[in-house]
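These notes are about the structure you will find just below.
The values are calculated or read from the model by the stated rules, or taken from the named source; none is laboratory data. Quantities reported herein were computed from a predicted structural model and do not represent experimental measurements. Remember, those area values only see protein heavy atoms, side chains included, never the ligands or the DNA or RNA. Shrake-Rupley method; radii C 1.70, N 1.55, O 1.52, S 1.80 Å.
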Amino acid sequence: MNRIRIVPGFFLAVILFVFPACENDLAEVQKVIEQGATGREVAYDVELLYSDSAIVRVRVKAPLMYRYLDNNNPRAEFPEGVRVDFYSNSGQTEGYLTSKYAIRFDDLQQVNVRDSVVWQNQRDERLESEELTWDERSRQVSTKKFVKITRPDEIIFGYGFTADQDFTSSKIEAVKGRIKVDKVQEE
């Protein structure tokens, strides 16, 4: 069951319907609403689907979402965590990401997930970190925090990580661990 509460609309309804005998200058009312606290929508048991060319690419599920209607900083916050499933062109699950907290900044086109972040794909590759940032504009995922990457034949530890958004190409800073190397590329 999804419940949404919109705070500014409530105040406007009180002003317009509870006090109909009062005369208010609409410009003054609008000024009060704009200067007041930003609105917040609250939704429970959220499921968001993102598609491209009518194909579902990503599904986000969360027990709680706050949508802040701030003109200067619109954002969606998931204070009780998220699960994000990624899908292929054929609709098959390619991987998932979980975290105990997430926030998306609309204007920055940036998503931050933190606290027990786990990304796993169908190739048995797993990334664990305390924080990841996805920049939608550059289409990159990164962190300056500790990361652990587990693959079927290796475990890699490091501080700092950058990858393209589908994790097909990645770079780990301050690497530590056993790494299988097929060939060495000189820069």
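Which number do you get for Rg(Cα) / (2.2 N^0.38 Å) in the range 84-128?
Details: Rg = 12.1 Å, N = 45, 2.2 N^0.38 = 9.3 Å.
Rg over 2.2 N^0.38 Å, computed on Cα atoms: 1.30.
Per the Kirkwood formula applied to alpha carbons, the range 60-141 shows a radius of gyration over Rh ratio, Rg over Rh, of 0.99.
In this structure the range 54-136 gives 51 Å² per residue of accessible area when probed at 1.4 Å with all protein chains present. Shape of the range 133-178 from its Cα gyration tensor (a ≥ b ≥ c, root eigenvalues): rounded if a/c is under 1.5, otherwise prolate when a/b > b/c, or oblate? In terms of gyration-tensor shape, oblate.
Round to a whole number: what % of the accessible area of the range 94-137 belongs to carbon and sulfur, probe 1.4 Å?
Details: 980 of 2280 Å².
C and S atoms contribute 43 percent here.
Strictly over 19 Å apart at the Cα level, which of Lys145/Lys183; Lys100/Lys171; Lys148/Lys171 would you flag in this model? With Cα atoms farther than 19 Å apart: Lys145/Lys183; Lys100/Lys171.
Sort out for me the Cα centre separation of the range 115-131 from the range 152-171, rounded to whole Å. Answer, in whole Å: 10.
Here the alpha carbons of the range 47-187 define both size measures, Rg and Dmax, at 16.0, 51 Å.
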